[in-house]
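Accompanying notes for the structure given below.
The values are calculated or read from the model by the stated rules, or taken from the named source; none is laboratory data. Remember, it's a predicted structure, so these values are computed and weren't measured experimentally. Ideal geometry is used to build each Cβ from the backbone, glycine not excepted, and the neighbour counts take in all protein chains shown. What goes into the accessible areas is simple: the full protein's heavy atoms, side chains included, and nothing from ligands, DNA or RNA. Shrake-Rupley method; radii C 1.70, N 1.55, O 1.52, S 1.80 Å.
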Amino acid sequence: MEGKHPRNTEGVKQHAKKKSLEAARKVDESIQRLIKSKAKINFNSVSTDSGVSKAFLYNTRTIRNRIEMLRKQQDGLPSPQDMKRNMTDASKDALIAAKNKRIKELEDENKRLKEELLKLRGLVYDNF
């Protein structure tokens with residue numbers, strides 16, 4: 001008796017389409033958040049942030065292409081951790097250079113004062 005009544009699958013198709021559109025919206029919002037926070041964009045980060053399966057991300061061509069493009073764009077950019085590390089290294093280098101300069105100034109002043117002290121001791125010795 002299966003062949004007599006065609007199955008009505010329209011409701012199932014509509015539900016699947018609605019679910020897919022909702023997942024795409026979540027992915028889009030997630031990507032926007034990741035871009036704003038300068039986080040790495042890849043399939044794992046988008047899946048975790050959006051709550052959408054990686055299979056959906058890989059199987060939806062437009063989303064897959066977008067994630068791959070953004071990931072490639074980010075490959076040339078330093079990560080926030082790298083930027084922080086580089087800024088820290090740069091500030092350490094600047095601090096070390098400033099301290100080295102100060103040490104050199106103090107060494108020069110110390111040498112000058114020792115020479116001046118020797119001269120003064122000579123004057124005092126000569127006056128006795």
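Here are the numbers:
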read-out	value
Some residue of segment 68-87 being over 17 Å from the mean Cα position of the chain (by Cα), at pLDDT 90 or above and closer than 30 Å to Ala24 by Cα	yes
Enumerated helices (runs of 4 or more DSSP H) restricted to segment 33-128, each holding at least 3 residues that are open to solvent by 80 Å² or more (accessible area, probe 1.4 Å) and free of Cβ contacts under 8 Å to residues at least 40 places away in the same chain	54-59, 61-75, 80-127
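Conditions tested, residue by residue: (1) more than 16 Å from Ser20 (Cα to Cα); (2) basic (Lys, Arg).
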site: Ile41; (1), (2): yes, no
site: Ser50; (1), (2): no, no
site: Ala55; (1), (2): no, no
site: Thr62; (1), (2): no, no
site: Arg66; (1), (2): yes, yes
site: Lys72; (1), (2): yes, yes
site: Lys92; (1), (2): yes, yes
